[in-house]
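Asks: Mind having a look at this structure? Questions to follow.
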Amino acid sequence: MSLKIPYKTTHRQLKHTFGLHGGPRARIARLRMLVTAVIRHERIETTRKKADEARGYTERLLYEAIKHGDKHGPTMELADFWLLEKDLIHKLFKVLVPRYRDYTTAYTSIYHLPIPYPGPEKPLGLLELRGNPWPPVFPKKRRNEGLLNNILIEEAKHEYRLRKYQLKMSDMRSEWHERDSDVGFKSVRKLVQEESETPKVTNADNIESQMKALSMQDTEDSTEADSTKPGDTGDNDGTPV
C-alpha cells in the first residue's frame, strides 16, 4: 500500500504533547484527537508538524475505508480506534467514502499559515479534507479584464507601443536613406575620378588616324605595282614591243 502524499519512514517527534515527557501514549492520543477533528470539521488549524503528522494517518484511514468498505473487520477496528467520536464512523463510510471513491489524488490538503506577530513562534498549518463545504483557502481570482478602466488602459498601452514602433521605423528609414545617399555619392565620385585618369580621345583624332592609315595603304599598293612592270625583268632584249 502506498499513500498519495509524501511521508517519512520514521514518525515525527511531537514535543510537549500533553505536558513535558508525555511519551508515545500521549503522542498517539494527540494524533487520535487530530484525526477525529479532521473527520468532524473537515478543516483544522494547528502547528505544521502536528498537521503533517496527522495527515498521513487520515489518508491511511480514508484509503482503507475506500478499499475494503464497512464489511471488513480490520477496517472497522481501525476506524473505531482512530475516531474517538463513534458517530463519525457512519460519516466515514456513508459520506466521505462516496466522495473520494473516484479520486486519483490525495484526499487532504495542507497549507502553511503566516506566523502572527506578536504571537507564538511555532509555525502554524492548516489541514483540511478536499471537497469540504468551507470557503476556499485561496479565493478565486476575479477576472477584471472586462472593466472599463482596464480596457482604456490596454488601449492606451497599445497606442503607445504603436507610436513607439512608428518612430523607430522612421528613424531606421532615415538612417538607411542617408547610408544609401552616401554610397551613391561615393560611387559617382569614383567614376568621375576614373574618367579623369583615362586619356580622352576626340572625333578629330579618330579621323586623323583613319586618314593616316589610308595613306599608308595607298603607298604600299603603288610600290607593289611599280615592282611588277615588264621592262624591269631580265628577259627583255631592249626591242620595243
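The values are calculated or read from the model by the stated rules, or taken from the named source; none is laboratory data. Every value quoted in this text rests on a predicted model; they were computed, and no experiment measured them. Neighbour counts run over all protein chains shown; Cβ positions are idealised from the backbone, glycine included. Keep in mind that these areas ignore ligands, DNA and RNA; they rest on the heavy atoms of the full protein, side chains included. Shrake-Rupley method; radii C 1.70, N 1.55, O 1.52, S 1.80 Å.
One line per residue, one yes/no per condition, for (1) under 30 Å from P116 (Cβ atoms); (2) open to solvent by less than 40 Å² (accessible area, probe 1.4 Å); (3) modelled with pLDDT of 90 or more; (4) not charged (D, E, K, R):
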| position | (1), (2), (3), (4) |
| --- | --- |
| Q13 | yes, no, no, yes |
| H41 | yes, no, yes, yes |
| I44 | yes, yes, yes, yes |
| D52 | yes, no, yes, no |
| H72 | no, no, yes, yes |
| L78 | no, no, yes, yes |
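Asks: Within region 38-131, considering only helices (runs of 4 or more DSSP H) that don't extend past its boundaries, which have at least 2 residues that are among the β-branched types (V, I, T)?
Replies: Ranges flagged: 48-68.
Asks: So which residues in region 108-118 are aromatic (F, W, Y) and open to solvent by 100 Å² or more (accessible area, probe 1.4 Å)?
Replies: Y117, the sole residue that qualifies.
Asks: Sticking with this one: Could you list all residues from region 119-159 that are surrounded by 10 or more Cβ atoms within 10 Å (Cβ to Cβ), of a type in the set (G, A, S) and either under 30 Å from A54 (Cβ atoms) or touching a helix residue (DSSP H, G or I) at 6+ places or on another chain (Cβ under 8 Å) (or both)?
Replies: Listed by number, the residues that qualify are G125, G131.
Asks: Shifting gears a bit: Looking only at region 105-148, which residues are without any contact (Cβ under 8 Å) to a residue 12 or more places away in the chain and within 29 Å of the chain's Cα centre (by Cα)?
Replies: Listed by number, the residues that qualify are F138, P139, K140, K141, R142, R143, N144, E145, G146, L147.
Asks: Just for region 83-96: of the residues that are open to solvent by 20 Å² or more (accessible area, probe 1.4 Å) and either in contact (Cβ under 8 Å) with a residue 40 or more places away in the chain or among the aliphatic types (A, V, I, L, M) (or both), which one is nearest to L61 (Cα to Cα)?
Replies: I89
Asks: Looking at L34, is it closer than 17 Å to L96 by Cβ and either among the small types (G, A, S) or modelled with pLDDT of 90 or more (or both)?
Replies: Answer is yes for this residue.
Asks: Now for a different question. Would you please list the contacts, defined by Cβ atoms under 7 Å and residues six or more apart or on different chains, that run from a residue in region 32-61 that is in contact (Cβ under 8 Å) with a residue 24 or more places away in the chain and within 14 Å of E128 (Cβ to Cβ) to a residue that is crowded, with 19+ Cβ neighbours inside 10 Å and among the acidic types (D, E)?
Replies: Partner pairs satisfying both residue conditions: E42/E128; R43/E128.
Asks: In region 66-96, what residues are in contact with a Ser or Thr (Cβ under 6 Å, 6 or more places away or on another chain) and more than 14 Å from M33 (Cα to Cα)?
Replies: H68, the sole residue that qualifies.
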